[in-house]
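Read the structure below first, then the notes.
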Amino acid sequence: MSSLSSLNPTTEDFAALLNESGADSLMEGTVVKGSVIAIEKDLAVIDVGLKVEGRIPLKEFGAKARDGTMSVGDEVEVYLERVENALGEAVLSRDKARKEESWVRLEASYDKGEKVTGHIFNQVKGGYTVDLDGAVAFLPRSQVDIRPVRDIGPLMNTPQPFQILKMDKRRGNIVVSRRVVLEETRAEQRSELVQSLAEGQVVDGVVKNITDYGAFVDLGGIDGLLHVTDIAWRRINHPSEVLSIGQTVKVQIIRINHEAHRISLGMKQLEEDPWDTIEQKYPINSRFTGRVTNITDYGAFVELEPGIEGLIHVSEMSWTKKNVHPGKIVSTSQEVEVVVLEVDSGKRRISLGLKQTLDNPWQVFAERYSVGTEVEGDVKNKTEFGLFIGLEGDVDGMVHLSDLDWNRPGEQVIDDFRKGDMVKAVVLDVDVEKERISLGIKQLGGDPFAEAGELRKGKVVTCEILDVKDGGLDVAIQDTDLTTFIKRSELSRDRSEQRPERFAAGEKVDARVTQFDKKNRKISVSIKALQVQEEKEAIAQYGSTDSGASLGDILGAALKARGDEDEPESTEADAEVSAEAEEQAAEADAEPVEAETADAAEAEPAEVETADAADAEPAGEEAKS
């Protein structure tokens, strides 16, 4: 009966067999414990409780196998890849077991934010590979150290702490950082060190790095900045002039920023400040020799001694070169003599002067050429207000428009001059303080108004016609250097005779001075005014038209009286002039004074010719015209 049941298994028998075979398959791909049952050459035979054993190379057991400490009976964890292969053996791996173990530990450390230990063993593109006790991680080049590392050799195959930044078990990707660990350690050290330091404390340090703006000094775990301006009292263009990497220096702590953990250091503070006694050492107006250290657009810096520099402003470099770059007057490293102009110890400034070491050319000119002295120079420039003339001593003098000519407007006269023309002038004024020299060209000749002699308003003068214009005549007054213009309306008392074309250049005419103003330099003459005055005098002396005498009688009498007063040696020309005057008087008598015809409707009545209206035009002459 029992034999029949064994030939016909039940459902429970099938389930038991399935569970037995399934237990073995579920163990594949996991880490299992086993024991070493034998060591054969380079292989270790491991029993993991299956029907068959597995073999693992000894090298997978690492140092334990290399130093011979591994023996039969040792328990080990291995990775079961397959329960049985074609040879009837289990496929086991110690390396994969270690990786699985490492992943488990690393995931726990990653979740807790803990550091892990590993060693860098290879260099790959963009970074390095790190062995984390079986698991291989990637270390980016930027995460090796706080600062770029040129030589990775000292860090290779050396246990180092790392921080896991990212893990992906499915892809087998782990990214670690050594920099994060160093920054945390450094922050702790910095915090402790900063607490132990105080401002004003003097400490020793090592120059770690040099930049254009200063040097970083290692104070034993924390770096401080030694700015270039705090290295020495004198000017330093670059820190490398004084410091070198690796040099041990003694520095003073100037400032500490506890929040940012920044420390400012100084070396010059350990030396005596040369500015403390600057005013006593460099009194104003004293002369010293210094070296030009720097040239800017606004001046040049001169080192008087180490740590003491003064500024020569561009305005204090030359007496005469005003708009020139300082670099064209002095050069770097040049030795120059300067004068101390101002000292401000509070602002640490010294104002120096270069031109003060030379004679003031304006003062020299004033001493050599007094006011009224005649000088000569070339025209340097023409402006809307005058001429600039180059003079001895590389100074310029200015001739204002009003000092170019006595008679002509300056705007016209200035066009007669060109740049480079040699001209003479008279010194009018020298202002040394304002550095100005006033010159005059018209002063080379006498002032015609000052030399006018007895010329005055009302005086009768003889004028020579210089030019005939539509509006009048340009005339020169004889026996003077004065010229003036007679307007058309002043050419005659008779309107018909107020025609400039009846005159010619070179002729001489008599006129009466109607204005003579020396202050405003104005003079006016009038032929009409002279005629009116002569008529007025004739009427007053020889009678009036009211007495029954005609204007011709009065003028004839006046002319005859003037002829009698002439000397017997009168020329024939004088006789002809007198005859002509008498003839004109006769013609005037022939004209009826009271004539009021249609042709003379515009003539003025003769009754207006009274003694009180002497300046009015005589009616007789109007009628005559």
Could you list, in sequence order, the residues of the stretch 429-462 that are charged (D, E, K, R), assigned to a loop (DSSP other than H, G, I, E, B) and surrounded by fewer than 12 Cβ atoms within 10 Å (Cβ to Cβ)? Glu433, Lys434, Glu454, Arg456
Any idea which of (1) modelled with pLDDT under 90; (2) in contact with a Pro (Cβ under 7 Å, 6 or more places away or on another chain) is the one Leu473 doesn't satisfy? (1)
Taking interchain pairs and intrachain pairs at least six residues apart, which have beta carbon atoms under 8 angstrom, with the first residue in the stretch 131-151 and under 14 Å from Val180 (Cβ atoms) and the second open to solvent by 70 Å² or more (accessible area, probe 1.4 Å)? Ser142/Arg179; Gln143/Leu165; Gln143/Arg179; Val144/Arg179; Asp145/Arg179; Ile146/Arg179; Ile146/Glu183
Across (1) in contact (Cβ under 8 Å) with a residue 60 or more places away in the chain; (2) loosely packed, with under 13 Cβ neighbours inside 10 Å; (3) of a type in the set (Gly, Ala, Ser), Gly200 clears everything bar (1)
In the stretch 499-518, which residues are more than 60 Å from the chain's Cα centre (by Cα) and open to solvent by 30 Å² or more (accessible area, probe 1.4 Å)? Arg499, Glu501, Arg502, Ala504, Ala505, Gly506, Glu507, Lys508, Asp510, Arg512, Thr514
Can you list residue pairs whose Cβ atoms sit under 9 Å apart, with the first residue in the stretch 361-378 being part of a helix (DSSP H, G or I) and the second being open to solvent by 60 Å² or more (accessible area, probe 1.4 Å) and basic (Lys, Arg)? Count only pairs 6 or more apart in sequence or on different chains. Trp362/Lys434; Trp362/Arg436
Does the stretch 195-224 hold any residues that are assigned to a strand (DSSP E or B) and in contact with a Lys or Arg (Cβ under 7 Å, 6 or more places away or on another chain), and which are they? Val202, Asp204, Phe216, Val217, Asp218, Asp223
Count - residues of the stretch 73-105 that are modelled with pLDDT of 75 or more, of a type in the set (Val, Ile, Thr) and either closer than 22 Å to Lys51 by Cα or part of a strand (DSSP E or B) (or both): 3
Right, Asp481: more than 18 Å from Val532 (Cβ to Cβ), open to solvent by 10 Å² or more (accessible area, probe 1.4 Å) and of a type in the set (D, E, K, R) or not? yes
Residue list for the stretch 490-503, restricted to those being in contact with a strand residue (DSSP E or B) (Cβ under 8 Å, 6 or more places away or on another chain) and in a helix (DSSP H, G or I): Glu490, Pro500, Glu501
Just checking, which of Gly472, Gly458 is more than 60 Å from the chain's Cα centre (by Cα) and on the phi > 0 side of the Ramachandran plot? Gly458
Would you mind telling me which numbered condition in (1) out of contact with any Gly (no Cβ under 9 Å at 6 or more places or on another chain); (2) modelled with pLDDT under 85; (3) under 26 Å from Ile263 (Cα atoms); (4) surrounded by 11 or more Cβ atoms within 10 Å (Cβ to Cβ) Glu192 fails? (1)
Sort out which residues of the stretch 400-428 are part of a strand (DSSP E or B) and touching a helix residue (DSSP H, G or I) at 6+ places or on another chain (Cβ under 9 Å), and write them in order of number. His400, Lys424, Ala425, Val426, Val427, Leu428
So how many residues does the stretch 209-228 have that are over 20 Å from His258 (Cα atoms), surrounded by fewer than 16 Cβ atoms within 10 Å (Cβ to Cβ) and in contact with a strand residue (DSSP E or B) (Cβ under 8 Å, 6 or more places away or on another chain)? 2
Restricting the stretch 243-278 to residues that are without any contact (Cβ under 8 Å) to a residue 12 or more places away in the chain, under 28 Å from Gln189 (Cβ atoms) and of a type outside the set (D, E, K, R), the residue that is surrounded by the most Cβ atoms within 10 Å (Cβ to Cβ): Asn257
Are there any pairs with C-beta distances below 8 angstrom linking a residue in the stretch 410-425 that is under 13 Å from Glu384 (Cβ atoms) to a residue that is assigned to a helix (DSSP H, G or I), with the two at least 6 apart or on different chains, and if so which? Gly410/Leu401; Gly410/Ser402; Gly410/Asp403; Glu411/Leu401; Ile414/Leu401
Among the numbered criteria (1) in contact with a His (Cβ under 8 Å, 6 or more places away or on another chain); (2) open to solvent by 50 Å² or more (accessible area, probe 1.4 Å); (3) assigned to a strand (DSSP E or B), which one does Gln160 miss? (2)
Given the conditions (1) open to solvent by less than 30 Å² (accessible area, probe 1.4 Å); (2) on the phi < 0 side of the Ramachandran plot, report the number of the one that Gly386 does not fulfil. (2)
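The values are calculated or read from the model by the stated rules, or taken from the named source; none is laboratory data. Because the structure is a prediction, the values reported are computed rather than measured. Cβ: placed from backbone, ideal geometry, glycine included. Neighbour counts: every protein chain shown. For the accessible areas, the whole protein counts, side chains as well, though only heavy atoms, and no ligand, DNA or RNA atoms are used. Shrake-Rupley method; radii C 1.70, N 1.55, O 1.52, S 1.80 Å.
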